[in-house]
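Down below is the structure, laid out as C-alpha cells.
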Amino acid sequence: MAKPNILIIEDDPPTIKIFQEVFTMAGFNVEILDMGQKGIRRMEEIREGKKEKPDLILLDLILPDMNGIEVLKEARKYPETRNLKIYALTNYSDPKFQEELFKEGIDKILIKTQYSLKELTEIIKEAVK
Amino acid sequence: MRFHLLVFTFIIISWSFCLYFYNRPVLFGKLEWLKITFALSIGLIFELFFLVVSASKISLKKFKVPLIIVFSIFALLIIFGVFANNWPINYLIKLSPWGVVFVLLLLIYSALGGAILLERFLKIPELHHLQSLYILISFGLFIIAISILYVFLPLFTLPREYLWLSPLITVIFLLLFIFGYFLIKRGREEEFKKRKEAEKLSEEERKLTQAKDQFILSLQHHLRTPLVPLKGYLEKIVEGSYGPVENPVVKEKLIEMKKSVDLLYSLMENLIEIQELKMGRKTLNLEDCRIENLIKNVIEELKFQAQQKNLYLKLELPTNGKLPTLKLDKRRMRKVIWNLLDNAIKYTNRGGVTIRVENQKSKIRIVVADTGIGMEKEEIDYFLKGRLFERGKEAEKFYGPGRGIGLNIITEFVKAHGGKVWGESEGWGKGTTFYIELPVKD
C-alpha cells in the first residue's frame, strides 16, 4: 500500500522539524510548505494537474505572509480542490476565528499543544484511512 | 423642574396676596398694588411657560425662531408700556440724563435676561441644578426690578435728590445679571468639557481593552508555538524513541523537565481560558453532573499528596437526602475543585482538609476548610477579585503569584456558572475556609 501523502503548511522551523520526523516515522509521506503563498500556489498546481492531491493538509493559521484561512478559501473555491481534507493545526484558539474557519469549510481544528504527538499521529492515521 | 414649581407656587401666593391688598389697600395705594400684581403676572406667565416646557420635555430647538420672536415682542411690549404710560420712567427721562442711561440699562438688562433664558432653554434640555438656580435668581431680580420701576420709583421720584438711586439699583441688577450670565456660561462650558473628556476617556478605555484582548489572543499563539517541539521532543525522549536513556539521573531529570513543561502548559491554557471566558469568547459546555462524584474523583486523585503530608482529606455529604443534579461544565468545575483542594493541601502542614457539601434552597454550597497557615482577609480579596495583577506591590508581600492563579481560575469559572466564591480566615496560622455556591437550575 502506498504511503499516505500529508502536506503541512507551517512556518515555525522547530515545529516543522518535529512534525516531519514524527509523521515520517509513523509512515506518511510528509511535505512541508512554509509560506501561505506557497500553499495557494500548490492549490493552483493541483488544479492544473501538475501536482498530486495530498491525502490530508495540515494548515497552520498564522503564517508569515498571510492568514492560513486564505489557503483554505482558495482550496474551497474550485471543484478540483474542494474536496481536499484540510485540518487546521494551529496554536491560535480564538473561538470567533474558529467559527469563521468552520464557515469556510475546515474539516477539523486541532490545537497543537492540546495533543501529544501520539494522539496527533492517531488522528492523522484516522483521517487518511 | 422642582425649582420652577417652587417659584411658581411662591409667585401664585404673592399674587393672591397682592390681589387681596388691591381690594383692601394697606401701606400703598390701590394703584401701587395693581402694579405689583401686574409685575407678578409677568413672572407667572414666564414660570408657567418653563413649567410646561420641563414637564413635557419638548425640545425647544425646533421652535427657536418663533420663540425668539415671542420673547422680543414681549420685551418690546414691556418697554413700550414703560414709555407709553405716564409712569415714573417718563419723569426720569424728562428730569435727568440719568433717566436715559436708566432706560438703556433696562433694555440691556431685559435683553441679557432673555438671552440667558433663551440660550439655556434652547441648547440644553436638561439644566444643571446650579444653573437653573441662577436663572431663577436672575428671573426673580427681573420681576423685582419691574416692581421697583412701576411701584416704588414714584416714591423716589418726588424728592429729586433721591433720583440717583434708581440707576444705581439698575446697575447693581445689571452687574448681578452679567455675573449670573458668565457663571452659567462657564458652568455650561465646563459641563461640556467634562462630558467630552468622559467620552474621550471611555473611548480610549474601550480601545485599550480591545488592544489588550487582541494582544492576549496573539500571545497565545506565540507562547504555545515553542511548547510544541519542547513537549514533543521530551515526550519522545522519555518514551525512548531515540534509544534508551541509560543514565538514571538523566532520566529522572528529564521526567522532572517534562513535569515542568506540562505545568507551564496547563498554566498557560488556564490563563488563556480565563481570558476567553472574560471576553465572552468562550461559553460553558453544560451537562448534567453530580457534584459529589466530581469531588470524590478529585479527592481520589489528590489522596496521595495528602497522605504524603500526613493530612486527612474528609468529605461530608448531607445526611438528609440526596443532592440535586447540577448543570455544570464538568471539565472546568473539576478544575475549580482540583485547584481548591490542591491549594488547601499545599498550604496545610498539620491536620487536614474537610470538604462539605450543603444542600440549600435553590443552591449547592461547597465548603473547603483546611487547618493550614491561613490567609489575611486582604489577601483573600486580592486573590479572589483578581486584584493580584492590579496591585503588584501589596500583593507581592504575601506569596507571589503561585496561589493567585489557582484562585483566579476558581473565581472566573464559578462566576461563569453563575455562582459565587468567597473565603474566610481567622488570620495567619488559623486555617482557611473557602465557599462556593452554585445555583440549582431546573
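The values are calculated or read from the model by the stated rules, or taken from the named source; none is laboratory data. Quantities reported herein were computed from a predicted structural model and do not represent experimental measurements. Glycine gets a Cβ as well: all are built from the backbone with ideal geometry, and neighbour counts include every protein chain shown.
Some values worked out for this structure:
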{"quantity": "Residue selected from the stretch B:419-440 under the condition closer than 18 Å to B:Leu328 by Cβ and touching a Leu at 6+ places or on another chain (Cβ under 8 Å), by the criterion surrounded by the fewest Cβ atoms within 10 Å (Cβ to Cβ)", "calculated": "B:Val440"}
{"quantity": "Extreme residue, nearest to B:Gly351 (Cα to Cα), among residues of the stretch B:413-442 that are part of a loop (DSSP other than H, G, I, E, B) and in contact with a strand residue (DSSP E or B) (Cβ under 7 Å, 6 or more places away or on another chain)", "calculated": "B:Gly431"}
{"quantity": "Test for A:Ile9: is it in contact (Cβ under 8 Å) with a residue 40 or more places away in the chain and touching a Gly at 6+ places or on another chain (Cβ under 9 Å)", "calculated": "yes"}
{"quantity": "Selected residue [loosely packed, with under 15 Cβ neighbours inside 10 Å, in contact with an Asp or Glu (Cβ under 8 Å, 6 or more places away or on another chain) and of a type outside the set (S, T, N, Q)] from B:Glu239, B:Glu300, B:Glu316, B:Glu287", "calculated": "B:Glu287"}
{"quantity": "Members of the stretch B:322-374 found to be among the β-branched types (Val, Ile, Thr), closer than 21 Å to B:Lys415 by Cβ and assigned to a helix (DSSP H, G or I), listed by number", "calculated": "B:Val336, B:Ile337"}
{"quantity": "Tally of residues being touching a Ser or Thr at 6+ places or on another chain (Cβ under 9 Å) and touching a residue at least 24 places away in the same chain (Cβ under 8 Å) across the stretch A:81-96", "calculated": "2"}
{"quantity": "Selection status of A:Leu58, touching a Phe, Trp or Tyr at 6+ places or on another chain (Cβ under 6 Å), within 30 Å of B:Leu234 (Cα to Cα) and within 14 Å of chain B (Cβ to nearest Cβ)", "calculated": "yes"}
{"quantity": "Filter result for A:Tyr87 (at pLDDT 90 or above, hydroxyl-bearing (Ser, Thr, Tyr) and touching a strand residue (DSSP E or B) at 6+ places or on another chain (Cβ under 8 Å))", "calculated": "yes"}
{"quantity": "Considering residues of the stretch B:254-297 that are touching a helix residue (DSSP H, G or I) at 6+ places or on another chain (Cβ under 8 Å) and either among the small types (Gly, Ala, Ser) or assigned to a strand (DSSP E or B) (or both) only, the residue farthest from the other protein chains (Cβ to nearest Cβ)", "calculated": "B:Cys289"}
{"quantity": "Matching residues, the stretch A:105-123, being away from chain B (no Cβ under 14 Å) and either in contact (Cβ under 8 Å) with a residue 60 or more places away in the chain or not in a helix (DSSP H, G or I) (or both)", "calculated": "A:Gly105, A:Ile106, A:Asp107, A:Lys108"}
{"quantity": "Residue in the stretch A:1-37 that is farthest from the chain's Cα centre (by Cα), counting only those that are surrounded by fewer than 15 Cβ atoms within 10 Å (Cβ to Cβ) and within 18 Å of A:Lys129 (Cα to Cα)", "calculated": "A:Met1"}
{"quantity": "Test: residue in the stretch A:23-33 that is within 14 Å of chain B (Cβ to nearest Cβ), among the hydroxyl-bearing types (Ser, Thr, Tyr) and in a loop (DSSP other than H, G, I, E, B)", "calculated": "no"}
{"quantity": "Residue ID - farthest from the other protein chains (Cβ to nearest Cβ), chosen from residues in the stretch A:80-96 that are surrounded by fewer than 19 Cβ atoms within 10 Å (Cβ to Cβ) and more than 15 Å from the chain's Cα centre (by Cα)", "calculated": "A:Glu80"}
{"quantity": "Some residue of the stretch B:205-214 being at the interface with another protein chain (Cβ under 8 Å from one of its Cβ atoms) and surrounded by 14 or more Cβ atoms within 10 Å (Cβ to Cβ)", "calculated": "no"}
